[in-house]
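Heads up, the thing below is written out as structure tokens.
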Amino acid sequence: MRLKKLRFFLILTAVLCCIPATRFYEIDLPLFRFLKGQNRVDPLSLHLSGEFVESNLGTAREADGSITVRMIAQQYLFVPHCILVPAGVPIRLRVTSADAVHSLSFSDANYAVKVVPGNVSEARLQFPHAGEYKMPCREFCGAGHYAMRSRCRNVSRPVPQIAAG
Ligand code: CUA
């Protein structure tokens with residue numbers, strides 16, 4: 001009888017451990033980043049202080065000459081709505097979420113940046129030619145998901161060279 005109870009308990013524990021393991025971006029990734037201690041932000045105070053205040057969003061040239069684009073994803077828009085980036089220059093994209101899990105993608109490119117509240121997602125991009133990209137959200141994030149899109153101007157039509165995530 002005791003052995004049966006123990007077996008039941010072990011099976012139940014195994015099943016309960018399997019459920020969070022299937023939710024990588026909601027549980028494992030934030031946990032990993034929390035333990036790593038990097039790129040943590042408070043989603044409730046994004047607009048008030050820190051790296052993602054309104055005046056710091058969009059395209060910026062850093063002190064070392066590199067280009068950084070900062071964005072916020074929230075139900076149901078990306079801020080800023082349209083970004084302007086130079087073609088042929090490596091760009092560092094830093095994006096975070098104010099509410100739910102979103103996914104910032106580039107039309108014509110099979111690539112998306114998953115955005116989780118509380119964390120900053122980072123990607124490195126380079127657009128070889130001038131042009132325009134649509135940047136829709138690819139993660140279902142609520143009723144307005146299908147209208148959640150942004151634009152990236154002065155970039156090329158071909159697939160951008162994207163490294164790391
Ligand atoms: Cu944001 Cu779908």
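Nothing in this text is a laboratory measurement; each read-out follows from the coordinates by a stated rule. Just so it is clear, the structure is predicted and the values come from calculations on it, not from any experiment. Positions of Cβ are backbone-derived with ideal geometry, glycine not excepted, and every protein chain shown enters the neighbour counts.
For the stretch 104-143, what class follows from the C-alpha gyration tensor (a ≥ b ≥ c being the square roots of its eigenvalues): rounded when a/c is under 1.5, otherwise prolate if a/b is larger than b/c, else oblate? Verdict is oblate for the stretch 104-143. Peptides 2-13, 99-110 ordered by packing proxy, namely the average of other Cβ atoms within 10 Å per residue, highest first: 99-110, 2-13.
Here the simple spin-label model places points 7 Å from the Cα toward Cβ, and for Leu16 and Ser49 these points are separated by 3.8 nm.
Show me the ranking of peptides 132-145, 59-72 by mean Cβ neighbours inside 10 Å, starting with the highest. Kindly include the intermediate steps, with their values, before the conclusion.
On the way: 132-145: 16.7, 59-72: 14.4.
Sorting 132-145, 59-72 by mean packing, highest first, produces 132-145, 59-72.
Rounded to the nearest angstrom and listed largest first, the equivalent-ellipsoid semi-axes of the stretch 42-149 from its Cα gyration tensor are 21, 18, 11.
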